[in-house]
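Structure first, then comments.
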Amino acid sequence: MPALPKIAIGALLAATLCGAAVARQEPAATPTPAPPERQRKFVGEGPGGKALEIAAGPGSIIGKDELILKEYVDIKYGDTRLQADYVRYLPSTKDVTALGNVILDQGTSRLTAERLTYNLDTETGVFYTARGYAEPSYYFEADRVEKISKDEMVLYDATFTACTQPVPYWSFKIERALIRQDNYAYLHNPRFKIGHVIVFYSPYLVWPVKSDRASGLLFPEFGFSRRSGTILSNALYWAIRRNMDATLYLDYMSLAGFGTGLEYRYMPSENGRGYFTGYFIRDQIAKEEDIQGIPTNRWVINYGHNQVFGPGWKLVATANFISDFDYYRDFERDLRLSTNPQAVSNLFMTRTWGFYSLNLRGERREQLVNVAVDPVFNGPFSQTQEETITRWIQPGIELRGRRQRLGTLPFFITLESSADLFDKGTPGTGYGRFDVFPVLSSQLSPVPWLDVNASFGVRDTYYTKSQRGDLGCDNIPNTGDFGEGNGIVDSERDQNLNGVFDAADDLGCDNLPGTLDFGEGNNVFDHENTIISDQPFDRRIYQGGLTLIGPKLSRVFDRPNSKFSPQYKNTIEPQITYTYLSRVADPDRVIPFDQIDAIGGNANLATYAVVSRLFAKRPISGTEQMSALYGPANSTFVGGGRIDPYAKTRELLQRKQQEQQQAGGGSQASKEEDEEKKRLSTVEIASLEISQDYSFLGPLSVSSALGSAFTPLQSNFGPVQATLRVNPSLHTSVDMRSSYDILFRQIREASLSANLRSLKRGFLDVTWSSIRDLESRALFEQGQGFAQPFNRSQIGVQGETSFWGRKLLLGVQTNYELGDIQAGEPRLRDQRYRFGYNTQCCGFQLEVLNRNFVGSSQREFRFLINLKGVGNVIDFQSGSAGALPGTFPGIAP
């Protein structure tokens, strides 16, 4: 800066400060004179057009080469602002020495200190007894901080944390650290502390200090499980490119050994993304125990990919493979997945155009099933063991046609067709299936109060193989051995009920000695099986339907003063539906695989019903607040890295409130919201349906407990079904169903499902179901039955809520048996309790799982500690599983 402007500005600032001093010496015009006015003065301009502004209090000394600034000093230079009690400033070099309550703000970071030496141009200096803040949300204290560049600083003898408490819940005590803003922190000799206690030490640690992805070692996680022992887990995160990253895991388990894992994520294009996860461990426990079916090398692989191609093509692929299903139980830390009985891989590609869609699909399903172990008896004992089978759909082609009109005719056509190859996982069970199902329909409204819907379709399904059953104990057709074609599953029985297959039981399927029927005396447990035959089978079903709706009655109710809705509409719609399905010859020959095979045909019935609906005019706004419902899938507990599903919603609402406050209650956003609320839409808030079926082929209701001993009471009418649905808002729904038996004139089945959702309070799901054994009850009351009637009734509760600003989180999931139970069967089962507590920088979660079954009990506990900016650091998991006293696992009573 030229000398003359310096002198002129200095004289101006000196005159201002001296004038204030003179004014202080003059006699007071009033008993309490006003304090001197401090003004910010433009002092100069630096490189890049940075303006230098200085404000100081009385007593400051302004010199040509030095400024001694006192009282509250405030210096602004570009995006840097320095505040202190005392400042010595050298204009020629822009060096600053500051003392007392020193605050340096630069961008989004802030440093405070007791003493500072700093250069405004180079933005470097030394802070003594300093505190600071670094993005995204880290705080530190240090004896000395050296700012070596605009974005770099070195801390000496420092404490580093994300907590704001006087004694941080967690922190790093560091000998020396280099912090690069929005990059990494390089920590030397970090000691990790929980409160005042040191729990971890490392000679060196690289820590990300930026909101964007950053490669580096993740903080180690400590855990314990009763099977694997003490667990130390560490991971390396690698930000490969902007469209891909990977995490590599290395775990040490004191009992099970070392495990390695990989998680890879990628986005090949804007319309595609995928992932790959895998884990491998050479299990030392399995090696020592040497249990059949549990290998030493244990692993799991998961892959998924979604891709949208143009025009109209979409690909969805998932692959899941596992060494053994006990892997989930032994190593999966998510309790919801620890009992997963299957690994499913599938490939799905679709192409849509006009009214049609072409789907290519394939599936591999590895399933854990219970299979019989010889000997198996048809008596009170049965013994099974778990076995893995693999089923395939390889591949499948499906062509679908959406409902479209045939020219100008009042007819519409839809089409379903598919070709599949199946393999059920056992020898000789590979076969093909071809299915075609066109439907022709028509909708007419001859008068406004009547609708007529008619349809006709043909479903033709061809199987390259079929199945045969009821072949006798030799399981060979047309041999005429005992039991063939008698409609009963025949087998040798446990004659002496000792639970062991012996010579007394080896009597053949007729279970009579000396008849020499097939299997008698062959020392093999013989029983009928269902076999796969090479004979093809064609199943053709003709179906037709006719629905009459009307006469429809309605009435509108105006309620202008109602806060819920200004207008309601109630409708009553009588309905009659006729359904016809042609009979299928030999339906038992169909090899069952999916819902297409389950269609049995042979139906000729009419359904009559009365449906009443209630509509209301409701505001259309507010649905964006429920874009992510509060529920089990997006729980806000800290464990497992879950996030708050309402974070964006709350941020949006807070932003609107701030805009409204700044605009005095009349911001454009609030006005638009008010206008949106004024627009109303008609929605159905409740419906009640009562219906009953009538069969033209035979009885739908039969009771041997009513009528004579040889002629049971029966009726072609089925039970009366009632369904009530209430949905007053997006937050609340209630569904009630019941079935009234017309013969016993009592309710046989009933169920209730209620769901509540709240942005502030959480969610609650309640289910209740009841099934009454009316037949056994009637026989028992008549003295014809010796067994007590067995009625099932169960209530289920699942919910989650929070208190104290979402700091305390509580969750529960349980089922309770209200009705009759078997001996040794618990009433309270499938219990899961979760307790969570979140603070500003950490969270805790306790999860308790208790599953009770007939003959066994499973109890598991999990405790998590999650640190802000760190993740899960503590994961203790413990549990026990075993038989209940007095029972015999593996043998069903």
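The values are calculated or read from the model by the stated rules, or taken from the named source; none is laboratory data. On a predicted model such as this, the values are computed, not experimentally measured, just so you know. Heads up, the Cβs are rebuilt from the backbone with ideal geometry, glycines too, and the neighbour counts pull from every protein chain shown. What goes into the accessible areas is simple: the full protein's heavy atoms, side chains included, and nothing from ligands, DNA or RNA. Shrake-Rupley method; radii C 1.70, N 1.55, O 1.52, S 1.80 Å.
Computed quantities for the displayed model
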{"quantity": "Members of the stretch 112-155 found to be part of a strand (DSSP E or B) and closer than 24 Å to residue 867 by Cα, listed by number", "calculated": "131, 132, 133, 134, 138, 139, 140, 141, 142, 155"}
{"quantity": "Enumeration of residues in the stretch 73-95 that are farther than 17 Å from residue 122 by Cβ and in contact (Cβ under 8 Å) with a residue 40 or more places away in the chain", "calculated": "none"}
{"quantity": "Output for the stretch 734-750, where each listed residue is open to solvent by 50 Å² or more (accessible area, probe 1.4 Å) and either under 17 Å from residue 615 (Cβ atoms) or over 29 Å from the mean Cα position of the chain (by Cα) (or both)", "calculated": "740, 745, 746, 747, 748, 749"}
{"quantity": "Which listed residue is of a type in the set (Asp, Glu), open to solvent by 20 Å² or more (accessible area, probe 1.4 Å) and either farther than 24 Å from residue 151 by Cα or modelled with pLDDT of 90 or more (or both), from 74, 85, 79", "calculated": "85"}
{"quantity": "Extreme residue, modelled with the lowest pLDDT, among residues of the stretch 291-326 that are touching a helix residue (DSSP H, G or I) at 6+ places or on another chain (Cβ under 8 Å) and not in a strand (DSSP E or B)", "calculated": "293"}
{"quantity": "Residue in the stretch 244-263 that is in a loop (DSSP other than H, G, I, E, B), within 26 Å of the chain's Cα centre (by Cα) and touching a residue at least 12 places away in the same chain (Cβ under 8 Å) present", "calculated": "no"}
{"quantity": "Count of the stretch 745-785 residues which are outside any loop (DSSP other than H, G, I, E, B) and not aliphatic (A, V, I, L, M)", "calculated": "20"}
{"quantity": "Criterion violated by residue 689 - all others in (1) under 30 Å from residue 602 (Cβ atoms); (2) open to solvent by less than 60 Å² (accessible area, probe 1.4 Å); (3) touching a residue at least 40 places away in the same chain (Cβ under 8 Å); (4) not in a loop (DSSP other than H, G, I, E, B) satisfied", "calculated": "(2)"}
{"quantity": "Within the stretch 217-235, tally of residues that are assigned to a strand (DSSP E or B) and surrounded by 14 or more Cβ atoms within 10 Å (Cβ to Cβ)", "calculated": "11"}
{"quantity": "Filtered residues of the stretch 539-592 (kept if part of a strand (DSSP E or B), closer than 30 Å to residue 424 by Cα and either in contact with a Pro (Cβ under 8 Å, 6 or more places away or on another chain) or open to solvent by less than 80 Å² (accessible area, probe 1.4 Å) (or both))", "calculated": "539, 541, 543, 581"}
{"quantity": "Filtered residues of the stretch 498-522 (kept if charged (D, E, K, R), in contact (Cβ under 8 Å) with a residue 12 or more places away in the chain and out of contact with any Leu (no Cβ under 8 Å at 6 or more places or on another chain))", "calculated": "505, 506, 510, 517"}
{"quantity": "Single unsatisfied condition, residue 290 versus (1) touching a residue at least 24 places away in the same chain (Cβ under 8 Å); (2) more than 24 Å from the chain's Cα centre (by Cα)", "calculated": "(1)"}
{"quantity": "Top-ranked residue of the stretch 458-477 - restricted to ones that are part of a loop (DSSP other than H, G, I, E, B) and of a type outside the set (A, V, I, L, M, F, W, C), ranked as surrounded by the most Cβ atoms within 10 Å (Cβ to Cβ)", "calculated": "472"}
{"quantity": "Residue satisfying all of: in the stretch 154-198; closer than 26 Å to residue 238 by Cβ, under 37 Å from the mean Cα position of the chain (by Cα) and open to solvent by 30 Å² or more (accessible area, probe 1.4 Å); modelled with the lowest pLDDT among these", "calculated": "182"}
{"quantity": "Candidate set: the stretch 347-392, residues that are touching a Phe, Trp or Tyr at 6+ places or on another chain (Cβ under 8 Å), open to solvent by less than 60 Å² (accessible area, probe 1.4 Å) and among the aliphatic types (A, V, I, L, M); chosen: the one modelled with the highest pLDDT", "calculated": "349"}
{"quantity": "Single residue of 157, 121 found to be touching a residue at least 40 places away in the same chain (Cβ under 8 Å) and charged (D, E, K, R)", "calculated": "121"}
{"quantity": "Residue under evaluation residue 731, criteria (1) within 30 Å of residue 565 (Cβ to Cβ); (2) buried (at least 16 other Cβ atoms within 10 Å of the Cβ); (3) modelled with pLDDT of 90 or more; (4) in contact with a Ser or Thr (Cβ under 7 Å, 6 or more places away or on another chain), criterion not met", "calculated": "(3)"}
{"quantity": "Of the criteria (1) at pLDDT below 75; (2) polar (S, T, N, Q); (3) touching a helix residue (DSSP H, G or I) at 6+ places or on another chain (Cβ under 8 Å); (4) more than 30 Å from residue 199 (Cβ to Cβ), which one residue 852 fails", "calculated": "(3)"}
{"quantity": "Conditions (1) closer than 26 Å to residue 182 by Cβ; (2) surrounded by fewer than 15 Cβ atoms within 10 Å (Cβ to Cβ); (3) at pLDDT 85 or above: number failed by residue 260", "calculated": "(1)"}
{"quantity": "Hey, residue 112 at negative phi, open to solvent by 10 Å² or more (accessible area, probe 1.4 Å) and out of contact with any Leu (no Cβ under 9 Å at 6 or more places or on another chain) or not", "calculated": "no"}
{"quantity": "Among the candidates 143, 151, residue that is open to solvent by 60 Å² or more (accessible area, probe 1.4 Å) and farther than 17 Å from residue 208 by Cβ", "calculated": "143"}
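Listed here are the residues, each with its yes/no results for (1) over 27 Å from residue 845 (Cβ atoms); (2) over 29 Å from the mean Cα position of the chain (by Cα); (3) buried (at least 16 other Cβ atoms within 10 Å of the Cβ).
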| site | (1), (2), (3) |
| --- | --- |
| 756 | no, no, yes |
| 765 | no, no, yes |
| 771 | yes, yes, yes |
| 778 | yes, yes, yes |
| 790 | yes, yes, no |
| 807 | no, no, no |
